[in-house]
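Below is one structure, written out as structure tokens; comments come after it.
The values are calculated or read from the model by the stated rules, or taken from the named source; none is laboratory data. Computed from a prediction, not measured in an experiment: that's the story for all the values here. All Cβ positions, glycine included, derive from the backbone under ideal geometry; neighbour counts span all protein chains shown. These area figures cover heavy atoms from the full protein model, side chains too; ligands, DNA and RNA do not enter into them. Shrake-Rupley method; radii C 1.70, N 1.55, O 1.52, S 1.80 Å.
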Amino acid sequence: MLDYDVEAARYDATRGGVPRACAAARAVLALVPGRARTLLDVGCGTGLVTERLDRPGLRVFGVDASAGMARKAAERVGAGTVVLGNCHRLPFADESLDAVAAVWLLHLLPDAPTVVAECARVLRPGGVFVTTVDKDAGHDVGSDVDQLLAPYRVRHRAYDAATRVLAVASEHGLSRAGEARFTGHGQGKSPAVTAGDVTRGYFASALELDEDQRAVLAGRLAELPDGDVPRGDPVYRLLALRKTG
């Protein structure tokens with residue numbers, strides 16, 4: 001697992017920056033009802049997406065468990081808007097929010113169902129939870145890099161598998177209300193960058209590798225042609241889940 005306090009300093013530059021954040025924010029807002037007046041961005045990170053969840057009449061909050069990330073987000077969107085807090089116990093009252101978003105979060109969490117339950121708890125009836133699902137699958141664009149990664153991809157169900165999220169959501173009064181997709185601009189991986197990520201264990205949630213396998217895979221990636229040329233950008237999937245009652 002990455003140390004997100006350390007990662008905060010380089011996160012935006014290595015995750016597609018503003019173009020990816022704009023695409024994510026547009027897709028989220030397209031699924032948030034026009035009547036919504038409050039939105040919480042769970043796992044808001046540096047606030048790059050949070051800042052762009054901007055719509056007249058909509059008040060946006062952010063929460064992150066990493067002090068480094070929350071500090072960056074507060075600098076970007078305002079200290080009174082960002083809260084340091086745990087997504088497993090959100091610092092918001094029951095039924096207090098009109099919308100909740102969790103972008104690129106559930107895939108990291110073995111206990112993702114707890115987070116889905118928390119998001120449902122803080123939503124008012126009729127409110128909407130918007131979350132990315134099947135994130136790791138979105139990165140597989142069928143490139144030569146993906147072909148080398150394929151034998152090592154995790155065989156268990158992803159924490160953010162859409163079927164799993166929908167099943168848990170239904171247990172907490174959330175039903176499917178729509179979906180959207182957006183491009184992860186700037187996230188297409190070159191062989192060289194992927195080799196470096198494999199070496200430092202960045203793909204821990206997506207690949208099953210021991211130290212020897214990491215070294216072998218990194219070496220094979222380094223041998224691919226056009227080593228510094230990024231392959232295709234991923235396409236991410238968002239689900240909107242409305243709270244009944």
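Taking the criterion of being open to solvent by less than 60 Å² (accessible area, probe 1.4 Å), out of contact with any Phe, Trp or Tyr (no Cβ under 6 Å at 6 or more places or on another chain) and either more than 26 Å from Val18 (Cβ to Cβ) or not polar (S, T, N, Q) (or both), the residues of the stretch 203-221 that qualify are Phe203, Ala206, Leu217, Ala218, Gly219, Leu221.
Taking the listed residues Val60, Val28, Val77, the one that is open to solvent by less than 50 Å² (accessible area, probe 1.4 Å), over 28 Å from Ala137 (Cβ atoms) and modelled with pLDDT of 95 or more is Val60, with no other qualifying. Condition test on Asp134, is it in contact (Cβ under 8 Å) with a residue 60 or more places away in the chain, among the charged types (D, E, K, R), out of contact with any helix residue (DSSP H, G or I) (no Cβ under 7 Å at 6 or more places or on another chain) and open to solvent by less than 50 Å² (accessible area, probe 1.4 Å)? No: the conditions fail for Asp134. Does at least one position in the stretch 156-179 carry a residue that is free of Cβ contacts under 8 Å to residues at least 40 places away in the same chain and of a type in the set (A, V, I, L, M)? Yes; the residues of the stretch 156-179 include at least one that is free of Cβ contacts under 8 Å to residues at least 40 places away in the same chain and of a type in the set (A, V, I, L, M).
So which residues in the stretch 40-66 are closer than 18 Å to Leu105 by Cβ and either more than 18 Å from the chain's Cα centre (by Cα) or of a type in the set (D, E, K, R) (or both)? Hits for the stretch 40-66 are Asp41, Glu51, Arg52, Asp64. Residues in the stretch 76-129 that are touching a residue at least 60 places away in the same chain (Cβ under 8 Å) and β-branched (Val, Ile, Thr): Val100, Val103, Val115, Val122, Val128.
Applying the condition of being in contact (Cβ under 8 Å) with a residue 40 or more places away in the chain and in contact with a helix residue (DSSP H, G or I) (Cβ under 6 Å, 6 or more places away or on another chain) to the stretch 224-240 and asking which residue is surrounded by the most Cβ atoms within 10 Å (Cβ to Cβ) yields Tyr236.
Taking the criterion of being of a type in the set (Lys, Arg), assigned to a loop (DSSP other than H, G, I, E, B) and out of contact with any Asp or Glu (no Cβ under 8 Å at 6 or more places or on another chain), the only residue of the stretch 135-185 that qualifies is Arg157. Can you name the residue in the stretch 100-131 that is in a strand (DSSP E or B) and in contact with a Cys (Cβ under 6 Å, 6 or more places away or on another chain) and is also surrounded by the fewest Cβ atoms within 10 Å (Cβ to Cβ) among such residues? Restricting to residues being in a strand (DSSP E or B) and in contact with a Cys (Cβ under 6 Å, 6 or more places away or on another chain), the top hit is Phe129. Right, Leu97: surrounded by fewer than 22 Cβ atoms within 10 Å (Cβ to Cβ) and either more than 22 Å from Leu29 (Cα to Cα) or modelled with pLDDT of 95 or more (or both) or not? Answer is no for this residue.
Screening the stretch 31-57 for residues that are open to solvent by less than 30 Å² (accessible area, probe 1.4 Å) and without any contact (Cβ under 8 Å) to a residue 60 or more places away in the chain and picking the one that is farthest from Gly178 (Cα to Cα) gives Thr46.
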